[in-house]
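A quick write-up on the structure given underneath.
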Amino acid sequence: MRKLFTIDLKDYNPNGKKFYRSSVRGIIFDHDGNIAMIYSRKYHFYKFPGGGIEGDETHLETLAREIKEETGMTLIPDSVKEFGEVLKIQNGDESGKDTIHIQRNFYYTCKVEDEIGDQELDDREKALDFVLRFVPIEEAITVNSVFKSDDAFKKQMAEREKRVLEILKGIDL
């Protein structure tokens, strides 16, 4: 998969313990050209539907599960196409700089069935007050551009998603 960009905060001890996490994210457009995004009503930022790979799940299995959980929509497996990867490297230890958090984020364009069911959010997602919204790309870019947080993970996630949205804005899928 092509590398879109790397975010490396260099805020860690390079000799620290490495923690690896991979995730998949879905890029879904509706019939009007709006993009499906997960919005945090608590913190006011957008993210692509998706999340971490669990156990020996494939990317496709994770994508289908995460889209179902976060949006209530059902993935059409044959529609999935690779879009790109974002590598994020940052301090992963809240008490110091002894852990390096290395996250590979794999983005896929995909389609979903028309019916939207209920979300199945975990406790963390419920605390963030996640809701599905279909918005123009420009709106999601604007919201994430002004997002401020002392939480480095939320801040970098909003920045990562904004940069992917800017890439999407410049191409015709």
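We did not get these values from a lab; they are worked out from the coordinates using the rules stated. Small disclaimer: the values here were computed from a predicted structure and weren't measured. In this analysis, Cβ positions are derived from the backbone assuming ideal geometry, glycine residues included, and neighbour counts consider all displayed protein chains.
Label-to-label distance for K148 and H31 is 4.2 nm, based on points extended 7 Å past Cα in the beta-carbon direction. Between the entries [x] 48, 36, 34; [y] 68, 35, 28; [z] 73, 37, 31, the label attached to Cα extents along the principal axes in Å calculated for this structure is [x]. Taking the Cβ-Cβ separation of A127 and F5 as r and a Förster radius of 25 Å, what is the calculated FRET efficiency to the nearest 0.05? With a Förster radius of 25 Å, E is 0.30.
Can you give me the angle between helix 152-169 and the longest principal axis of the chain, using Cα atoms only, in degrees from 0 to 90, rounded to the nearest 10? Rounded to the nearest ten degrees, it is 40. Taking Cα atoms only, the orientation of helix 59-71 departs from the longest principal axis of the chain by about 70 degrees. Compute the FRET efficiency between K169 and R21 as 1/(1 + (r/R0)^6), taking r as their Cβ-Cβ distance and R0 = 30 Å, and round to the nearest 0.05. That gives a FRET efficiency of 0.65. With contributions of -39500 (n - 2.57) from each DSSP H run of at least four residues, the per-residue ellipticity at 222 nm computed over the chain stands at -8000 deg cm²/dmol. The DSSP beta bridges internal to the chain are antiparallel in roughly 60% of cases. Packing, as the average of other Cβ atoms within 10 Å across residues, places the peptides 57-65, 157-165 in the order 157-165, 57-65, highest first.
Calculate, for E113 and E159, the FRET efficiency according to 1/(1 + (r/R0)^6) with r their C-beta to C-beta distance and R0 30 Å; round to the nearest 0.05.
Calculated transfer efficiency: 0.45.
Annotation: lysines with alpha-carbon distance below 22 angstrom to K88 (same-chain offsets under eight excluded): K3, K10, K17, K18, K47, K97, K148, K154, K155, K162, K169.
Springs join every pair of Cα atoms under 10 Å in this Gaussian network model of the chain, and among G33, G55, G117 the largest mean-square fluctuation is at G55. The stretch between K42 and E57, if pulled fully straight at 0.36 nm per residue, gains 2.4 nm over its current Cα-Cα span.
Mean separation of Cα pairs under 8 Å and 6 or more residues apart, divided by the residue count, gives the chain a relative contact order of 31 percent.
Report note on the peptides 22-29, 141-148: ranked by the mean count of other C-beta atoms within 10 Å, highest first, their order is 22-29, 141-148.
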